[in-house]
1. If a residue has to be within 14 Å of ligand 1 (Cβ to nearest atom), touching a strand residue (DSSP E or B) at 6+ places or on another chain (Cβ under 9 Å), in contact (Cβ under 8 Å) with a residue 40 or more places away in the chain and farther than 15 Å from residue 84 by Cβ to count, how many in region 10-34 make the cut?
2. Condition (residue is surrounded by 24 or more Cβ atoms within 10 Å (Cβ to Cβ), away from ligand 2 (no atom under 16 Å from the Cβ) and without any contact (Cβ under 8 Å) to a residue 40 or more places away in the chain) applied to region 91-107: is it met by at least one residue?
3. Looking at 230, 279, 255, can you tell me which residue is in contact with a strand residue (DSSP E or B) (Cβ under 7 Å, 6 or more places away or on another chain) and either within 13 Å of ligand 2 (Cβ to nearest atom) or at pLDDT 95 or above (or both)?
4. Could you say which residue among 63, 134, 123 is farther than 27 Å from residue 325 by Cα and at pLDDT 95 or above?
5. Of (1) surrounded by 13 or more Cβ atoms within 10 Å (Cβ to Cβ); (2) part of a loop (DSSP other than H, G, I, E, B); (3) touching a residue at least 60 places away in the same chain (Cβ under 8 Å), residue 251 satisfies all except one. Which?
6. What pairs come out if I take residues in region 339-353 that are at negative phi and in contact (Cβ under 8 Å) with a residue 60 or more places away in the chain and pair them with residues that are surrounded by fewer than 16 Cβ atoms within 10 Å (Cβ to Cβ) and part of a loop (DSSP other than H, G, I, E, B) whose C-beta lies under 8 Å away, six or more apart or interchain?
7. When residues of region 189-246 are filtered for being under 20 Å from residue 342 (Cβ atoms) and not in a loop (DSSP other than H, G, I, E, B), how many remain?
8. Could you check how many residues of region 84-104 are assigned to a helix (DSSP H, G or I), more than 15 Å from the chain's Cα centre (by Cα) and over 14 Å from residue 33 (Cα atoms)?
Ligand code: NAD
Ligand code: MG
């Protein structure tokens, strides 16, 4: 029986990971980890009986500990707790369903311990992709993408020679504001940004989808996962999220992966790779679907994508600034302290302010993150 650890088990990806585990009943959950939602974490502990559970917030960890005294689950907290979860001896795979670049250290610790990663936490790859891919190569650990676009590409590449790839075509829904112009975006509220047309996700990635920052992060994620040049990646808007992404090969053939928008499929593919057990859920009905349409992304209005491409082209520590500035700006937007378009301004100004570091090590990445946060906090 395969044993996994799930970091971020109470979130959108985390709970759907546990749905997949529950559906098949042949994977053991060795550890669960979350930020602060101990009500849900307690339920998960009682259902999955892990040996370890990590809670970021110390006080919540203490409370959970007393609540689950009757179980055999050890409760740990803080970054030490997340790291203990990441290297759990009996787990062969870590699902990184945590949000934000706080996932870097646990991801690297797991890779160092030779564990495979089912990677949802794209911020980690965007900021520390050079360290993570190198580490995975060194220890032979696998990185299995969970993000639907990257899972689609990974599925299209199955059995193919990666050297014969000419382009990756990453699809985007366009988010809730597709078709809007700047004037309309000036007035949008948090509630509007949290209404994604096709997917139900955590708040941060839902805002990222509305700004198209998410697509920018995904371009950088794809670059690290599939070892292609930036120029080989094209973003295409496909509003209904039926095609999850495509690969064009040297001979002109294009392979696409299609399916109903359901994150359990890419999650399951990462957990069971290369097997495809039966998965309940909606199937595509092509007669009802009738058409699939494509558009160019509106990069003039949605600055998230061009800003990301600029950060990606600059490389070094700049993607970290892009990501950290976005994390902070989204937090401010969700607290209603700034407007939607301010997110772009904050990212752009933070990138301008930063002095680029060529090959940042882990400490330099974390320092760049902290400096970016401080710089933004002192201004907004
Ligand atoms: P979410 O907000 O729903 O869940 C985040 C999880 O991380 C929660 O369990 C939370 O408790 C945990 N967490 C947050 N801070 C923590 C901390 N300091 N210590 C320990 N745990 C902490 O987010 P989500 O939508 O599930 O997204 C998770 C990741 O997956 C993100 O990187 C996102 O970009 C990526 N992703 C999500 C989707 C999706 O459909 N939701 C799709 C593709 C990629
Ligand atoms: Mg995605």
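1. Selection size over region 10-34: 5.
2. There is at least one residue in region 91-107 that is surrounded by 24 or more Cβ atoms within 10 Å (Cβ to Cβ), away from ligand 2 (no atom under 16 Å from the Cβ) and without any contact (Cβ under 8 Å) to a residue 40 or more places away in the chain.
3. Residue meeting the stated conditions: 255.
4. Sole residue among the options that is farther than 27 Å from residue 325 by Cα and at pLDDT 95 or above: 63.
5. Single failed check for residue 251: (1).
6. Once the first residue is at negative phi and in contact (Cβ under 8 Å) with a residue 60 or more places away in the chain and sits in region 339-353, its partners that are surrounded by fewer than 16 Cβ atoms within 10 Å (Cβ to Cβ) and part of a loop (DSSP other than H, G, I, E, B) give 339/186; 340/186; 341/186.
7. The total comes to 18.
8. Residues flagged as assigned to a helix (DSSP H, G or I), more than 15 Å from the chain's Cα centre (by Cα) and over 14 Å from residue 33 (Cα atoms) within region 84-104 amount to 0.
The values are calculated or read from the model by the stated rules, or taken from the named source; none is laboratory data. As the structure is a computational prediction, the values presented were derived from the model and not from experiment. For neighbour counting, all protein chains shown are included, and Cβ atoms are generated from backbone atoms with ideal geometry for every residue, glycine included.
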